[in-house]
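**Q** First the structure, which I've put down as structure tokens, then a few questions once you've had a look.
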Amino acid sequence: MESKKKVFVASAIIVVIVIVAITLDGASIVSEPIENTDNSKSTDSRIIDWRHVHGVGIDPEDSSILYIATHGDFYQSISGSPPVKVDKVRADYMAFNAPPIPGIPLYASGHPSTGGNTGLIKSNDGGITWEHVSNVIEPPVDFHAMAISKQTPEMIIGFDSGARGLFKTIDAGKTWDTLEYPEYISALAISPNNSELIFAGTGKGIFKSENGGKTWIQLDAYRDLAVFALAFDDDGKLFASVKTFGLVQSDDLGDSWESFQHVDLTVTSIAADSQHKEIYVGGYSSEGFQEVYKIKYDSSSYDQIGTNKGLK
């Protein structure tokens, strides 16, 4: 695992690829090209030439390593430093999940630069190289929401962005079962203490399953509001990004909620670091800039990791 911490790829590549963005109700599809250009035009090292931030995650062996999955490139930020591109082959990394425990790969889905869907892919070297795991279905899935169990890390659950199903594997992607789902799913999170307890964010609020995704009940809180992101910390605190309310948190598995620090972002991805009592969030600002921040649980600090503001 040494290479994931030390090897960085800094060369700029100009490639045009297509991202497929699905609305929360699954009703509309927008194709958008991206062009990667040289960051050297900016004098601020935190200004990064990324188009969309699709996921953030913390390395379980070394919490100083933050992974950032975007449309077109995969980045590492070490100890809060400016993100550096590390992947050798560009792709659109959707539904990115960092390992819940050491020894587990990074997982993602999305689109290769050549077009189409990747299905489920994994990386064992910190995002430098990626290999195919499973198509899941044909044509291959494009997970935009996915979660891995900390208790049973061979268990992965993912929702296909084309609404072709909610899929679950308990053998790290070798075989898959199809599950019923309550609404079009935009976010998934599995309790770190109970792999049967799964939360799903949708355009109509938060749903909970207590039997591994077989059946679902809707929570009363935030009913009929869009939920953009969900994430647990290792202690069982659940974070959510909810339309109108922004970042919220629950210490009792969704029975009650309270506000977290306000940020000028529509947060679309969350990663929590229980050890240092801080979260990383990625999303888009009110002006449309794609940004990543680190925020202390007690709101004592609010640090920018990266932004594309200077490139707009």
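**Q** If each of residue 275 and residue 62 carries a label point 7 Å out from its Cα toward its Cβ, how far apart are those two points in nm?
**A** About 1.2 nm, to one decimal.
**Q** For the chain, set up a GNM with springs between Cα atoms under 10 Å and report which of 239, 260, 228 has the largest fluctuation.
**A** 260
**Q** Out of every Cα-Cα pair in region 67-113, what percent are more than 11 Å apart?
**A** 68 percent
**Q** Taking the Cα centre of the chain as origin, work out the dipole magnitude from +1 charges on Lys and Arg Cβ and -1 charges on Asp and Glu Cβ, in debye rounded to 20.
**A** 560 debye
**Q** At 1.4 Å probe radius, can you tell me the per residue accessible area of the chain in Å²?
**A** It amounts to 41 Å² per residue over the chain.
**Q** Return the single residue from 73, 171, 125 with maximal mean-square fluctuation; model: Gaussian network over the chain, springs between Cα atoms under 10 Å.
**A** 171
**Q** Let me ask another. Run through every distinct alpha carbon pair of region 136-177 and return the Kirkwood hydrodynamic radius in angstroms, one decimal place.
**A** Result for region 136-177, one decimal place: 10.3 Å.
**Q** In debye, nearest 20: dipole of region 133-247 around its Cα centre with unit charges on the Cβ of K, R (+) and D, E (-)?
**A** 200 debye
**Q** Per DSSP helix of 4 or more residues, -39500 (n - 2.57); summed, then divided by the residues of the chain. What does that give at 222 nm, rounded to the nearest 500?
**A** Mean residue ellipticity, 222 nm, calculated: -500 deg cm²/dmol.
**Q** Please report the Cα spread of region 55-197 along all three principal axes, rounded to whole Å, starting with the longest.
**A** On the principal axes, region 55-197 reaches 42, 39, 25 Å in Cα extent.
**Q** Could you run the Debye sum over the Cα atoms of region 112-268, one equal point scatterer each and no solvent, and tell me log10 of I(q)/I(0) at q = 0.10, 0.20 Å⁻¹, two decimals?
**A** Each listed q corresponds, in turn, to -0.36, -1.30.
**Q** Using a Gaussian network for the chain with springs between C-alpha atoms less than 10 Å apart, which of these wobbles most: 150, 296, 208?
**A** Looking only at 150, 296, 208, the biggest GNM fluctuation is shown by 296.
**Q** Right, next: Accessible area of the chain with a 1.4 Å probe: how many percent of it is carbon plus sulfur?
**A** Answer for the chain is 49 percent, counting heavy atoms of protein chains only.
**Q** Just how large is the dipole of region 159-312 about the Cα centre, in debye to the nearest 20, putting +1 at every Lys and Arg Cβ and -1 at every Asp and Glu Cβ?
**A** 520 debye
**Q** Now for a different question. Which value in nm describes the separation of the simple spin-label points at residue 262 and residue 287, placed 7 Å from the Cα toward the beta carbon?
**A** Reported label-point gap for residue 262 and residue 287 is 1.8 nm.
**Q** Once Lys and Arg get +1 and Asp and Glu get -1 on their Cβ, which of 215, 307, 45 lies farthest toward the positive end of the dipole of the chain?
**A** After comparing all options, I get 45.
**Q** Quick one: length gained pulling residue 303 to residue 164 fully straight, 0.36 nm per residue minus the C-alpha distance?
**A** Separation in residues times 0.36 nm, less the Cα-Cα distance, equals 46.2 nm.
The values are calculated or read from the model by the stated rules, or taken from the named source; none is laboratory data. If you're wondering where the values come from, they're calculated on a predicted model, not measured in any experiment. So basically every Cβ, Gly included, is an ideal-geometry build from the backbone, and we count neighbours across all protein chains shown. Side chains included, ligands, DNA and RNA excluded: accessible areas come from the protein's heavy atoms. Shrake-Rupley method; radii C 1.70, N 1.55, O 1.52, S 1.80 Å.
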